[in-house]
Ligand SMILES: Nc1ncnc2c1ncn2[C@@H]1O[C@H](COP(=O)(O)OP(=O)(O)OP(=O)(O)O)[C@@H](O)[C@H]1O
Ligand SMILES: [Mg+2]
């Protein structure tokens, strides 16, 4: 009920168009009823007059019949035009409304969403809300209007008849639909959930094609997909069956109404209290009145699926945003020091904090290297710096102000980032680069590619910068994708540059070349350089070592490189690239960790 009211509130701005659509629809149905009734009367009156040898004015009724026919045709056309206009206006506003509420949630609050399910909400669920007006509200309101007029006309001729037909219309227009609703509500809701599940499975299936080929030769995933699809088809089958039954029911009530009119009216005609030609008129009026009632079973059947879709949309946008935007954001200075003060972070639902008591000062032009084993919290620092998450306790400041006082977009203008899971768009290399600087000249693009060590590869491609990368860089190697992401980060002229494992996937020689290019070109930028490897660390002003979400050691590269062991660097380090030695236990303890730090093998 709450969801229904909320949905109605969303429709409120379009009440004008929607009201007009309902009126036009009611008018078209009334014209149809009038046409039927007048025709019945006209034919009977002509026959009776012929039999009695009396003359009759047939100009007026035949003109009326023509008028009703025109109104009905134009009305049906208008009903579609206005009805769709109202729906399109509603949906056109709904999608941006939903999107605007989704954006602040991304990425942090949408991490648990399967991409297929998210797509289903964006597309399927929003589309289903169209029905809220076209299939439910509009036919419902139009039926009320039509029944009110039709039954009043009946009542003018015969009160009992009006009551009888009213009762039949109530049973067909409310009783049957309620029965349909009761029989099919679960199936209807399951269609919404099943469609989303099928979507999610399908996207997973396509994205995980290679893994499934390797790990799932028995096609269990495919079987799950088929089962979901079969269940969905069975539900829809059931709904169609129920609807067919309801359609027959409405027909039965309509035909019975005709019989009822004859049963009540015939004795009155014989008694002379009802003109003979009025009887077929009333009978056809009663019969065609059910035209307004016929769409109601479908309306009631669609209702649970529509409300389930509304629920899924409201559920998503009602999530608390991971960070609140300030009502009156402060302007962000061009340059400034990024500082963490006693910053902590606990992910929702996590058993413990991912970061504890982080103090870090990244002054303009300064370079800080961050090392630590996998899961020690390095990338979580990036999430705090970019304000994808808010620190608790503690704070992160830029140029002396808490970053919570800034508009997040303004803050992020000051930062260029190569994320650990950097996303390459399914577009060309050029388009992927221009995301960072839409006005960059081809020369500037090439310079960035050169520094990232990937220009040779790009120019060797037949289409050069216009090479299409495929979905998430599928058409280039892991190392090439990494360097293209790096080139994009270098293109953005921001005072702060954050690189989260920029050389992941590169061989030692390429790594050295790339880091040389990057470090040489970014002398003016403050750099937060997260790495598992030794290369590049010697050029840092400070190195911090993380473990278990804490900074357990910090100092100049010369000191840190001497004490940090492979355990701190995590897996994936090789040969001479690995930092040798281990943190002596006393260093670790004095740095406040106390947790089991790995020692280098003797
Ligand atoms: N979005 C998230 N939701 C919940 N927990 C998370 C999330 N991201 C990271 N974590 C958890 O926080 C801890 C720190 O993760 P983080 O990604 O910061 O580590 P990392 O040092 O960058 O590791 P790696 O070297 O493997 O990239 C881990 O225990 C991880 O499981
Ligand atoms: Mg990481």
Original post:
Can you tell me which residues in the range 302-343 are without any contact (Cβ under 8 Å) to a residue 60 or more places away in the chain and either touching a strand residue (DSSP E or B) at 6+ places or on another chain (Cβ under 7 Å) or within 14 Å of ligand 1 (Cβ to nearest atom) (or both)?
Top reply: 339, 340, 341, 342, 343
**OP:** Just give me the residues in the range 516-541 being more than 16 Å from ligand 2 (Cβ to nearest atom) and over 26 Å from residue 336 (Cβ atoms), in sequence order.
**Re:** 516, 517, 534, 535, 538
Original post:
From the list 551, 544, which one is under 14 Å from residue 367 (Cα atoms), within 13 Å of ligand 1 (Cβ to nearest atom) and outside any loop (DSSP other than H, G, I, E, B)?
Top reply: 544
Original post:
Does residue 87 count as surrounded by 20 or more Cβ atoms within 10 Å (Cβ to Cβ), closer than 30 Å to residue 276 by Cβ and in contact with a helix residue (DSSP H, G or I) (Cβ under 8 Å, 6 or more places away or on another chain)?
Top reply: no
Original post:
Looking only at the range 421-456, which residues are within 16 Å of ligand 1 (Cβ to nearest atom) and either out of contact with any helix residue (DSSP H, G or I) (no Cβ under 8 Å at 6 or more places or on another chain) or within 19 Å of residue 522 (Cα to Cα) (or both)?
Top reply: 421
**OP:** Could you tell me whether any residue of the range 317-338 is closer than 19 Å to residue 409 by Cα and not in a loop (DSSP other than H, G, I, E, B)?
**Re:** yes
**OP:** From the list 261, 269, 293, pick out the single residue that is assigned by TED's automatic domain parsing to the domain that holds residue 247, surrounded by 23 or more Cβ atoms within 10 Å (Cβ to Cβ) and assigned to a helix (DSSP H, G or I).
**Re:** 261
**OP:** Go through 353, 348 for me and flag whichever is closer than 17 Å to residue 379 by Cβ and buried (at least 16 other Cβ atoms within 10 Å of the Cβ).
**Re:** 353
Subject >> Pairs with Cβ under 6 Å, 6+ apart, first in the range 438-463 and free of Cβ contacts under 8 Å to residues at least 40 places away in the same chain, second not in a helix (DSSP H, G or I) >> reply: 461/467
Original post:
Which condition breaks for residue 573 when tested against (1) at pLDDT 60 or above; (2) farther than 24 Å from residue 457 by Cα; (3) within 16 Å of ligand 2 (Cβ to nearest atom)?
Top reply: (1)
Subject >> the range 376-392 residues that are on the phi < 0 side of the Ramachandran plot, paired with ones that are part of a loop (DSSP other than H, G, I, E, B) and away from ligand 2 (no atom under 13 Å from the Cβ) (beta carbon under 6 Å, 6 or more apart) >> reply: 383/389; 384/391; 389/322; 390/323
**OP:** For the range 90-114, enumerate the residues that are touching a residue at least 40 places away in the same chain (Cβ under 8 Å) and within 16 Å of ligand 2 (Cβ to nearest atom).
**Re:** 107, 108
**OP:** Would you check if residue 25 is exposed (fewer than 13 other Cβ atoms within 10 Å of the Cβ) and assigned by TED's automatic domain parsing to the domain that holds residue 276?
**Re:** no
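The values are calculated or read from the model by the stated rules, or taken from the named source; none is laboratory data. Computed from a prediction, not measured in an experiment: that's the story for all the values here. With ideal geometry, Cβ positions are generated from the backbone for all residues, glycine too; neighbour counts draw on all protein chains shown.
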